[in-house]
Amino acid sequence: MTMTDFSNIASFYDLMTGYSRRLVNDVGVIKGVVEKFGISSALDAGCGTGIHTIILTRLGVDVVGYDSSPEMLAKAETNAAAEGVSPVLVQGYFESMPGEWTGKFDAVFCLANSLAGVGTPEGLAKSLGSFCRVLKPGGRAIIQLLNTPHFKAADRRIIKVSVAGVYTFVRFFDFAGDVTRLNVIVIERDGERVDHRLISEPILAVDKEVLTVSAQKCGFSAVNLYSDLSLSKPLAADSDNIVAILRR
């Protein structure tokens, strides 16, 4: 399977993304989605270190966390135990979900730009096909992506700079022709010593047209696009995010 591999940042991921803060702040929007669509069972596809799997479990949703990275899943297991919950965690790829999951879930959550990691248009189609297959009739896939075409058109390469203790994280894009790379510079300060490392992986730059057409070809009956997970604003061209609600 072709997947972007950020396993080598698993040990830094929670620091970089502000895990503790998001564990509190993300509850409202996730709860809103759960209540809006009456979700009682869900797949958290690309669950990473488990933040949304944990939130969904706390909200009473029967959830499976799913990720291609054993390192990320190990962190998810540790985080879940620390929060006193024990969701099911499964390692695997979007393109090849277990057959026994067919028609199993009310919702598939695929957040934090995880779908861009499929790497190719073929991978996108297969992944969306899997999402559609594992949903119950009328179920929804909730997808959150960075609006990469907007960043490229605006010549904005830097996504975010964050600081946590001795670490500074710089997340940025490289655009070279048809190839888009997502990069992270990790800077560590120890007194006067400064170390840094670069993690760089190719991603699939997904725009709203490609996402919509691929979803329709994969069997989704409706595609609705928004600017954020509150689902209160239609997608704007200058939005940093694309949030898609795909209905089976």
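Quick note: the coordinates plus some simple rules give every number you see, no bench work behind them. Bear in mind the structure is a predicted one, so any value in this text is a computation, not a measurement. Glycine also receives a Cβ, built like all others from the backbone with ideal geometry; neighbour counts cover every protein chain displayed.
So what is the relative contact order of the stretch 150-202, in percent, for Cα pairs below 8 Å that sit 6 or more residues apart?
25
Give the cross-link partners of K104 among the aspartates and glutamates, using a straight C-alpha distance below 17 Å as the criterion and excluding same-chain residues fewer than 8 apart.
D44, D62, E95
If we count other beta carbons within 10 Å of each Cβ, what is the order of M72, M16, fewest first?
Ascending Cβ contact count within 10 Å gives the list M16, M72.
Restricting everything to alpha-carbon atoms, can you work out Rg to Rh for the stretch 150-202 with a Kirkwood hydrodynamic radius?
Values: Rg = 13.0 Å, Rh = 12.1 Å.
Radius of gyration relative to Kirkwood radius: 1.08.
When Rg is the radius of gyration of the Cα atoms in the chain and Rh is its Kirkwood radius, what does Rg/Rh come to?
Here the Rg-to-Rh quotient is 0.95.
So which lysines pass the test for K160, namely a Cα distance under 23 Å, with those fewer than 8 places away in the same chain ruled out?
Result set, ordered by chain and number: K75, K152, K208, K233.
Tell me the net charge near G46. Cut-off is 13 Å between Cβ atoms, G46 excluded, with +1 for each Lys or Arg and -1 for each Asp or Glu.
Combined, the nearby Lys, Arg, Asp and Glu give -4.
Which of T168, T148, T49 comes first, and how do the rest follow, when ranked by fewest Cβ neighbours within 10 Å?
T168, T148, T49
How would L235, L73 line up from fewest to most surrounding beta-carbon atoms within 10 angstrom?
Ascending Cβ contact count within 10 Å gives the list L235, L73.
How large is Rg over Rh for the stretch 189-248, taking Rg from the Cα atoms and Rh as the Kirkwood inverse mean of 1/r across Cα pairs?
Dividing the radius of gyration by the Kirkwood radius yields 1.27.
Just add up the charged neighbours of L231: K/R +1, D/E -1, any other residue whose Cβ is under 14 Å from the Cβ of L231.
For residues surrounding L231, the net value is +3.
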